[in-house]
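What follows is a set of notes on a single structure, which appears directly below.
The values are calculated or read from the model by the stated rules, or taken from the named source; none is laboratory data. Worth saying up front: this structure is predicted, and the values here are computed from it rather than measured. Quick reminder, even Gly has a Cβ in these numbers, built from the backbone with ideal geometry, and neighbours come from all protein chains shown. Accessible surface areas use protein heavy atoms only, side chains included; no ligands, DNA or RNA. Shrake-Rupley method; radii C 1.70, N 1.55, O 1.52, S 1.80 Å.
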Amino acid sequence: MEKSKLLTISVFGLLVLNLATLGFLFLNGPKGHRPPPPPGDQQNPRELIIDQLHFDAAQQKEYGKIIQWHQKTIRELDHNIRETKNDLYALLRQEQVNGKTKDSLMNVLIDDQKQIDETHFKHFEAIKKLCHPNQLEDFNSLTEELGRIFAPNHPPRR
């Protein structure tokens, strides 16, 4: 009789514990692991900037040229960074890593990253120059959101 009573209490306890855990997970849900919004629900940066700055047709055409320059420059710099990183990691195959070569490659990476940031800045300076005086207030509001708008869309790490 003792064993069956202990077994009944254990099963009941485990059942209550499982229900409490499921209730907790259901009510609180996972934090920070929400799926990204569907593609139709988010504007691409080009459309967002055109909408927020109220660009007319001529401004949109010039903005397209600015985007082409920006994308071409960033692509080239990204390619340089990938090549330099390949050269850097190739050093690991050597028995003895040459410190000067490693430092030189690291400096190239730093310079390329600096050029990327300068390119982004020049891109937005060019956009600002496109704005008419009545659009500058909208541009200033936009600058407060740039970090969020252009944040990388990487999936969360596990």
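In the range 121-140, the residues that are touching a residue at least 60 places away in the same chain (Cβ under 8 Å) form Cβ pairs under 6 Å with partners that are open to solvent by 30 Å² or more (accessible area, probe 1.4 Å), at six or more places apart or across chains, as follows: LEU130/GLU62; ASP138/GLN52; PHE139/LYS128. The set of residues from the range 93-131 being open to solvent by 80 Å² or more (accessible area, probe 1.4 Å), of a type outside the set (Asp, Glu) and not in a helix (DSSP H, G or I) comprises GLN94, GLN96.
Kindly indicate whether THR101 is at pLDDT 90 or above and out of contact with any strand residue (DSSP E or B) (no Cβ under 6 Å at 6 or more places or on another chain).
yes
Against the numbered list (1) more than 30 Å from GLN59 (Cβ to Cβ); (2) touching a helix residue (DSSP H, G or I) at 6+ places or on another chain (Cβ under 7 Å), LEU130 comes up short only at (1).
Which residues, taken from the range 132-142, are open to solvent by 30 Å² or more (accessible area, probe 1.4 Å) and polar (S, T, N, Q)? Lay out the reasoning, then the answer.
Start the filter on the range 132-142 by keeping residues that are open to solvent by 30 Å² or more (accessible area, probe 1.4 Å), which leaves 132-134, 136-138, 140-141.
Across the range 132-142, the qualifying residues are ASN134, ASN140, SER141.
Only one of the numbered conditions (1) open to solvent by less than 70 Å² (accessible area, probe 1.4 Å); (2) part of a helix (DSSP H, G or I); (3) modelled with pLDDT under 95 is not met by THR73, and that is (3). Inside the range 40-55, can you point out the residues that are loosely packed, with under 11 Cβ neighbours inside 10 Å and either over 18 Å from the mean Cα position of the chain (by Cα) or in a helix (DSSP H, G or I) (or both)? Listed by number, the residues that qualify are GLY40, ASP41, GLU47.
Just wondering, is there one or more residues in the range 26-34 that are assigned to a helix (DSSP H, G or I), surrounded by 10 or more Cβ atoms within 10 Å (Cβ to Cβ) and either of a type outside the set (Asp, Glu) or at pLDDT below 80 (or both)? So far as the range 26-34 goes, no, none of its residues is assigned to a helix (DSSP H, G or I), surrounded by 10 or more Cβ atoms within 10 Å (Cβ to Cβ) and either of a type outside the set (Asp, Glu) or at pLDDT below 80 (or both).
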